[in-house]
Amino acid sequence: MTVVPIIKRDHICKLAEQGKRVDGRNFGEYRKIEIETGVVSKAEGSARVKIGNTQVMAGIKMDVGEPYSDSPDSGVMTTAAELIPLASPDFESGPPRANAIELARVVDRGVRESEVIELDKLCIEPGEKVWIVFIDLHILDYDGNLFDAASLAALAALSTAKVPAKRFELGDDYPLPLKEPPISCTSVKFNNVVAIDPSLDEEEIADARLTVATDTNGDIRAMQKGLNGSFTREEIQKVIKASIDNGREIRKQLYENIGK
Amino acid sequence: MKSDIELIDSNGKRLDGRGPEDLRPIKIEAGVLHRADGSCYLEWGGNKVLVAVYGPREAIPRHSQNPLRAIVNAKYNMAAFSVEDRKRPGPDRRSREISKVISEALEKVILTEQFPRAAIDVNIEVLDAEAGTRCAGLTAAGVALADAGIPMTDIPVSCAAGKIDGHVVADLGKEEDNFGDADLPVAISPRTDEVILLQMDGHLTLDEFNKAFDLAVNGCHVVSEIQKKAILDKYQSASEAE
């Protein structure tokens, strides 16, 4: 049961000592990203994102509902992630487990805390009726780095979303009001090297993982450390720098894809 | 969310009178529960947290066992009455995420390879919540693990820093957490300064992040001394009683 991971770990670490990665990339090299939007006609907005072999689909649905009592004049957003059995032999159906919950909450924080969706513009009647934005993430193919793929898919789907006002007899449809999104970039550490955009093999043997979301100014908007290893102060600095640099490139690609 | 409250005045005094680098008052007591293998009660500002450690014991269900090492199950749970609006009992998404990141942080310091197929259960009960419960919970868990005699490379400790009204400060209080600009909980292994937990939400420039990170690490070292004293005190009072 645990022999294969140990052999795999030895192999990946040995390659790392020679400065190589399993799939031939540099430690600072991100995999190829593909973004496709408008893939589901019933959804208010949708996107399919590929990072290497990893594939994530995001769909936005909207509804009219009641606001929270502590913010009566702003809209509501929720994020859910499903690690469906289709995507990996290790995923099981049923209620979301810790991994899916962490994924959904990290994507949610990236969108919510940086106020990407202008929730204050989604009020219909203060205290009574507001728009509710549902972000649903479906993992289709799991080859590592779900955090980046899922948040990029969520952002791409949001960028193309239309508020379905007509369906609720509230006037004409209009684009979902959005601000500049922060871009998430994940790195992992194994055998004391730090590698960006881990593949599944690397993720499985990694000691620690760090996701950093950065905005257009290169400011930090969200962070999440995971796995049972640790980072030093210097390693954190290195990860942040790589996240800012790669974030810039990914943002450029996102804007090209959504025609901005 | 913005508020009209001034969180920090022109002299750098915060709402509760603290300076930017000051922590809220902390009180830690080790070995407070009878049945647990190790336990800790901690008060940190308005937070009251109780932690019980059970184990190492056989991990059940058996498929959860790891033949090479022990698994660490931290369970962060908030009492229904610990917050302003009653919290529905049982694990929600937030507490399950916190349980996960705390488990992973503790696994780094516990010598899990000494207990193959075992589980070490760390039950964190938040009785009264007032910003920074995950830091309080992890800090109390560190003391409870030491109290249980679980072999560790270090006693893990946690402290947060953040940004309020544009100022970087340590250990956010209630209003500061609600209306502040950023929150950065950090946990370290204090002997080596290795970072075992790191989360951030809000908005920090790179310089602000560095400043906040250093404040949080300094805070960890302050709390670490209180942790060690709490463990020593338990044996002090035990030997005095004899």
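The values are calculated or read from the model by the stated rules, or taken from the named source; none is laboratory data. Predicted model only: the values in this text are computed from it and were never measured. All Cβ positions, even for glycine, are placed from backbone atoms using ideal geometry, and neighbour counts span all protein chains on display.
Remarks
- Among the residues of the stretch B:36-88, those identified as within 30 Å of A:I6 (Cα to Cα) and loosely packed, with under 14 Cβ neighbours inside 10 Å are B:R57, B:E58, B:I60, B:P61, B:R62, B:H63, B:S64, B:P67, B:L68.
- Answer from A:P164, A:P177 - the residue that is in contact with a helix residue (DSSP H, G or I) (Cβ under 9 Å, 6 or more places away or on another chain) and not aliphatic (A, V, I, L, M): A:P177
- Pick from the stretch B:150-198, criterion surrounded by fewer than 23 Cβ atoms within 10 Å (Cβ to Cβ) and among the polar types (S, T, N, Q), ranking: nearest to B:H221 (Cα to Cα): B:S189
Table: residues versus (1) within 12 Å of chain A (Cβ to nearest Cβ); (2) assigned to a helix (DSSP H, G or I); (3) at pLDDT 95 or above.
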{"residue": "B:T192", "(1), (2), (3)": "yes, no, yes"}
{"residue": "B:D201", "(1), (2), (3)": "yes, no, no"}
{"residue": "B:E208", "(1), (2), (3)": "yes, yes, yes"}
{"residue": "B:A216", "(1), (2), (3)": "yes, yes, yes"}
{"residue": "B:C220", "(1), (2), (3)": "no, yes, yes"}
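- Filter result for A:D108 (charged (D, E, K, R) and under 21 Å from A:C185 (Cα atoms)): yes
- In the stretch B:171-190, the residues that are within 30 Å of B:T153 (Cβ to Cβ), in contact (Cβ under 8 Å) with a residue 24 or more places away in the chain, more than 7 Å from every other protein chain (Cβ to nearest Cβ) and not β-branched (V, I, T): B:D171, B:L172, B:L184, B:P185, B:A187, B:P190
Table: residues versus (1) at pLDDT 95 or above; (2) surrounded by fewer than 18 Cβ atoms within 10 Å (Cβ to Cβ); (3) outside any loop (DSSP other than H, G, I, E, B); (4) among the basic types (K, R).
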residue	(1), (2), (3), (4)
A:I12	no, no, yes, no
A:A16	no, no, yes, no
A:G19	no, yes, no, no
A:G24	no, yes, no, no
A:F27	no, yes, no, no
A:K42	no, yes, no, yes
A:V49	yes, no, yes, no
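- Residue in the stretch A:207-230 that is farther than 20 Å from A:C13 by Cα, surrounded by fewer than 18 Cβ atoms within 10 Å (Cβ to Cβ) and basic (K, R) present: no
- Number of positions in the stretch A:215-235 that are facing chain B (nearest Cβ under 9 Å) and either over 20 Å from the mean Cα position of the chain (by Cα) or assigned to a strand (DSSP E or B) (or both): 14
- Some residue of the stretch A:25-32 being touching a helix residue (DSSP H, G or I) at 6+ places or on another chain (Cβ under 8 Å) and of a type in the set (D, E): no
- The selection criterion, being part of a strand (DSSP E or B) and of a type outside the set (D, E, K, R), does not hold for A:L155.
- Of all residues in the stretch B:66-88, those satisfying the criterion of being farther than 24 Å from B:D147 by Cα and within 14 Å of chain A (Cβ to nearest Cβ) are B:N66, B:P67, B:L68, B:V83, B:E84, B:D85, B:R86.
- Odd one out for A:E118 among (1) more than 10 Å from chain B (Cβ to nearest Cβ); (2) closer than 30 Å to B:D181 by Cβ; (3) over 20 Å from the mean Cα position of the chain (by Cα); (4) not hydrophobic (A, V, I, L, M, F, W, C): (3)
For (1) assigned to a loop (DSSP other than H, G, I, E, B); (2) over 23 Å from A:L210 (Cβ atoms); (3) more than 10 Å from chain B (Cβ to nearest Cβ), each residue gets a yes or a no:
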| position | (1), (2), (3) |
| --- | --- |
| A:K61 | no, yes, yes |
| A:F91 | yes, yes, yes |
| A:P95 | yes, yes, yes |
| A:N99 | no, no, no |
| A:V106 | no, no, no |
| A:R109 | no, no, no |
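- Selection of the stretch B:100-128 for residues being surrounded by fewer than 23 Cβ atoms within 10 Å (Cβ to Cβ), at negative phi, touching an Asp or Glu at 6+ places or on another chain (Cβ under 9 Å) and not in a strand (DSSP E or B) yields only B:K100.
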